[in-house]
Structure formats: C-alpha cells, structure tokens
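Here the structure comes first, spelled out in structure tokens, and everything after it is commentary.
The values are calculated or read from the model by the stated rules, or taken from the named source; none is laboratory data. What you see is a predicted model; the values in this text were computed from it and never measured. Note that each Cβ is placed from the backbone with ideal geometry, even for glycine, and that neighbours are counted across all protein chains shown. For accessibility, only protein heavy atoms count, side chains too; no ligands or nucleic acids. Shrake-Rupley method; radii C 1.70, N 1.55, O 1.52, S 1.80 Å.
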Amino acid sequence: MTHAHRRSGRLGTLIGGFTATALAATGLFLTTVGSADAAPAPTSAAASTAVSTAAVPAHAVTGYWQNFDNGAAVQKLSDVPSDYDIIAVAFADATTTPGAVDFTLDSAGLGGYTEDAFKADIKAKQAAGKSVVISVGGQNGTVSINDAASAANFSDSLYALMREYGFDGVDIDLENGLDSTYMSQALESLAAKAGSGFVLTMAPQTIDMQSTSGEYFKTALAVKDILTVVNMQYYNSGSMLGCDGKVYSQGTVDFLTALACIQLEGGLDPSQVGIGVPASTSGAGSGYVAPSVVNDALDCLAKGTGCGSFKPSKTYPGIRGAMTWSTNWDATAGNAWSSAVGPHVHGL
C-alpha cells in the first residue's frame, strides 16, 4: 500500500472559500471564554478505573512514524530519536468489518524490516520509557464508528493489535468526521480492556476544534478521563478564529497560541493540549513553522513570554508539548525539528 504524504489538500479545499468570518457567522468557534459550551464532560463509567498514563512525561513530544515510503527517510522504530516520548505508528487500516481495523507492517517498503524486529523495537522503546501507539486514520484512512456494533468492533480489533504488537494505546487521526457518542463509547471500552498505562492521543484538524459543539471536541471532552493529549494539526488549514474571536493565519505564533486557547478554555486540561506541526516544509502542503516558532508558542502558553500579538489572559504551565508529522520527515531534514523542540519541551 502506498500513501501520499499524510495530509492531502483536503482541508485546504474545504476551507479555501470558507473564511473565518463565515465560521463566526455559523458559530463554529468559542464565542466567549468559559461559555456554556465548555461545561465539564460528564464522568464516564470507566472513571472508577481511570487509566494511568504515568509513563508519558508531563511535557512530551509526539512523532508519527511512517509505515510506508513516500520519499521521506525510511526508518525502523529504533532509528527514531530519543527526543520523542510518544511514537504513533501510521497507520492502522480499515477492514471489511464495520468499525474494525488491522495493521500490516510494510516490510517491503521499509527495506525488509521484519515483524519480529518491529515488535522487538517497540519493546526497546518502552524499556527506554517511551510509548508506542497505533494511529487510526490519516488522509487515506476512513473508519466509520456510528453504532454500537461498529464501536465494539473498533475496540476489540484495536485491543487485539495492542496485544499482538505491544502497543501502549491508540491515536485517533480520523479526518472524515466521527460520531462522538459511539467513538467515545469505543475508546472507553478499549481503555477498560487495556487497563493501567493506556495512552490515548488525538490529532484533529483545526476546523474540528473550533467549537466545543463539534463532534471531535465533544469526543475529547467525553473521554477526558482517559485522554493523554490532543495534538491538533496546525497545518493544511485556512485561516481560523482564535479564542478571542479574531482571525489568525497559519504559519504564525499567533495561530498556534490563539487556537490552542480554544482547547485550553474549552474544557481540556493543559496537560491534554499539544501543538502539532510539520517537521519540514515537505511534511505538509502548508503551515510549516520554524522550530523556534513552536518553542515561542509553548513559552507564550506556559509562561506568557515569546507571544506575538495574541497573549492569553493566563498561563498554562502544564501544557503537554508538541507533535510533528513525521519522524521520517524530521530525519530527512537532519532531525532539526526534534533536536530543537525536544529539549525545549522537556525543559518547560
């Protein structure tokens, strides 16, 4: 199976003529900080057996690892630098069973990388204190969870992959919409099966996190008790509204901070918010920012320094960190992203 680079122009096409002003007219953003939309999510049934994610450091770097060759450096998991705390294996694939997913290592595309070596590398990363999760979705991955049966299939199939490969959890990177009721049901079920140490990450597009009434945001709030981090994709996006209702363009520090503010004030804990960016200009169609801009945005949110024109009304020292697509594109550029952002995140 071959993939284009993970982010197609799909979101750009969607947003192209869909300006932030239009979004404002439709109410697709957090109108006021602390609005009624931001009410705490109800406690789920699984809260009594809340999953510990202690293995993930307080400030963490997430990187996607490509299970395919799209022109970026081909890597084994063992090649991924130690700056990455969470490695998301991209991607699991939909099967013919509604909601179910499977994973096949692209041994041929990865230079003969064997399943045994892959599984051994997962264990080695975990022994070094890292987490390895299986990512579901991507630009080509369509998995529909829209009823109780597909939710059960999703949970059961992911748990089977966790047992087979030793994954610590799952990353939700669905870019074709999701149903918050059944997705949250599936994830809570999976967390209950997985037990202590379950890691749950998400990588929504910018439009998915403009409002707490959106299905992606509702899902994140519904599974807040088991959620590790939401690393929104601040790329392949049009201009968007910040939490102050002003329009911000991608590729700027203000875009990162003002949009993160929506999540931070919309009900997520600071430890559940991360900044997702491309590792290089080749990693996405648009939205690349220099690593120094990522670091400035993190400082702005955590300490109130390094801000652009937008400055949040308070600081969020517990902000989790940053994510990049991908470890492979990072390696292609000499690991410039991880070597700059990694130490900064860990020093927050």
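Taking a Cβ cut-off of under 12 Å around L110, the surrounding Lys, Arg, Asp and Glu residues balance to a net charge of -4, with basic ones at +1 and acidic ones at -1. The lysines whose alpha-carbon is closer than 21 Å to the alpha-carbon of K123, local same-chain residues fewer than 8 away aside, are K76, K193. Amide H to amide H distances under 5 Å link A88 with G63, Y64, W65, V133, where only residues 5 or more positions off or on other chains count and H is placed in the peptide plane. Taken along its three principal axes, the alpha carbon spread of segment 246-348 comes to 38, 29, 23 Å, from the longest extent down to the shortest. Computed over protein heavy atoms with a 1.4 Å probe, the carbon and sulfur contribution to the accessible area of segment 96-151 reaches 53%. Please report, to two decimal places, log10 I(q)/I(0) for segment 180-293 at q = 0.10, 0.14, 0.22 Å⁻¹ as given by the Debye formula with identical point scatterers on the Cα atoms and no solvent. Once normalised to I(0) and log-transformed, intensities are -0.30, -0.58, -1.17. Remark: segment 149-155, residue by residue, has Karplus-estimated 3J(HN,Hα) of 5, 5, 5, 5, 5, 4, 4 Hz, where x stands for each Gly or Pro and the curve is 6.51 cos²θ - 1.76 cosθ + 1.60 at θ = phi - 60°. Ratio of Rg to Rh for segment 50-132: 0.99 [Cα atoms; Kirkwood radius as inverse mean 1/r over pairs].
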